[in-house]
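Quick notes on the structure that follows.
The values are calculated or read from the model by the stated rules, or taken from the named source; none is laboratory data. Computed from a prediction, not measured in an experiment: that's the story for all the values here. Cβ placement follows ideal geometry from the backbone for every residue including glycine, while neighbour counts extend to all protein chains displayed.
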Amino acid sequence: MKRSNLLYDKLLQQNVTWYDNALSLITNLKRFSYSMFISKILKHSIVRVVIVSLSSLSSLYGARLCHAAVINGSFETGDFSGYSTIGDTSIQKANFGTDLVEGDNHALLSTTSVDGALFNISGIDSVPISNLEPFLGLASGSLSSLGNGDAINASAIKQTFTAQAGETVSFRYNFLTDEDKASPNFNDFAFAVLEPSTTNQPSIIKLADTFSSFNPSSFFRQETGYKTFSTLIPTSGIFTLGLGVVNVSDNGNPSGLLVDEIRSTIAAPKPVPEPSYTLGLLAFISLSTVSRLLYKVMN
């Protein structure tokens with residue numbers, strides 16, 4: 001009986017030892033599998049996509065914060081903050097006699113000059129074309145070559161800004177003049193200049209002249225009323241937008257240009273989820289992938 005008990009105890013001890021060894025082996029295998037699991041996770045294509053997506057999302061929102069748009073586009077600061085000016089330029093309010101487009105102010109550029117026995121509006125005369133063209137980065141004779149006649153004197157404003165490819169630059173303008181309608185010899189005009197810094201080749205756009213359609217005006221004899229101009233930016237970069245008004249053939253019968261609502265806008269993209277929602281969705285995908293890989297490795 002005693003011998004049987006000793007044999008039983010020995011067998012029991014061997015079983016316990018085998019069980020302990022088996023448990024230790026399983027534990028070590030799981031630890032090894034866990035290391036392999038981590039390696040698989042880092043190599044798994046879906047997880048890499050998640051990581052890259054999170055990085056791209058961060059870059060996207062960061063890029064939006066770095067974008068430099070047009071400053072003081074509606075002149076609501078009451079001055080020309082953000083702009084360089086030359087000639088007779090001033091900020092006007094509703095009492096100027098022309099309806100405002102937005103806010104309380106708009107900018108007036110004028111060819112009025114004391115030298116022509118006329119008044120100026122800002123206290124500063126308009127300037128000869130030989131001074132204005134270099135101000136806007138234009139070659140000598142550029143404005144006279146537009147077909148309206150010899151450009152004599154003018155005023156202008158300009159601003160440099162950053163724009164992205166596909167962005168739209170737009171503004172509202174109102175051409176005013178004391179010249180006769182459809183005056184071939186004194187065909188004053190308003191214009192815009194857009195110059196990319198990469199090429200230094202400005203584009204000149206004629207906005208209006210005496211052959212435009214007019215309405216009666218309270219300050220000048222006639223005005224076109226506010227119109228809208230817009231253009232698409234083809235490539236990302238730094239641009240300079242200039243706006244001006246020109247007296248043709250003489251410095252009498254002045255003309256003016258009212259400007260408002262200068263802006264650069266990005267075309268509305270397809271709806272994008274809010275950042276918190278997007279990050280949550282990516283995290284969910286990541287966790288689901290991890291769970292599936294963990295199940296495969298540990299089982």
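Condition test on E167, is it in the same structural domain as I238 (by TED's automatic domain parsing), under 15 Å from I204 (Cβ atoms) and acidic (D, E)? Working first, answer last.
Working: in the same structural domain as I238 (by TED's automatic domain parsing): yes; under 15 Å from I204 (Cβ atoms): no; acidic (D, E): yes.
For E167, the condition - in the same structural domain as I238 (by TED's automatic domain parsing), under 15 Å from I204 (Cβ atoms) and acidic (D, E) - is not met.
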**OP:** Pick out the one residue from L109, L100, L132, L138 that is within 17 Å of V193 (Cα to Cα), in a loop (DSSP other than H, G, I, E, B) and aliphatic (A, V, I, L, M).
**Re:** L138
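Before we move on, is D125 more than 26 Å from the chain's Cα centre (by Cα), at pLDDT below 95 and farther than 15 Å from S255 by Cα?
Numbers: more than 26 Å from the chain's Cα centre (by Cα): yes; at pLDDT below 95: yes; farther than 15 Å from S255 by Cα: no.
Against the criterion (more than 26 Å from the chain's Cα centre (by Cα), at pLDDT below 95 and farther than 15 Å from S255 by Cα), D125 does not qualify.
Here's the yes/no breakdown for (1) farther than 16 Å from G137 by Cα; (2) surrounded by fewer than 19 Cβ atoms within 10 Å (Cβ to Cβ):
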residue	(1), (2)
D188	yes, no
T199	no, yes
S203	no, yes
E223	yes, no
T235	yes, yes
L243	no, no
G256	yes, no
**OP:** Could you tell me which numbered condition S218 fails, if it satisfies all but one of (1) surrounded by fewer than 16 Cβ atoms within 10 Å (Cβ to Cβ); (2) touching a residue at least 60 places away in the same chain (Cβ under 8 Å); (3) among the small types (G, A, S); (4) under 17 Å from N247 (Cβ atoms)?
**Re:** (4)
Subject >> When residues of the stretch 74-110 are limited to those that are under 15 Å from N120 (Cβ atoms) and among the polar types (S, T, N, Q), the one farthest from the chain's Cα centre (by Cα) >> reply: S110
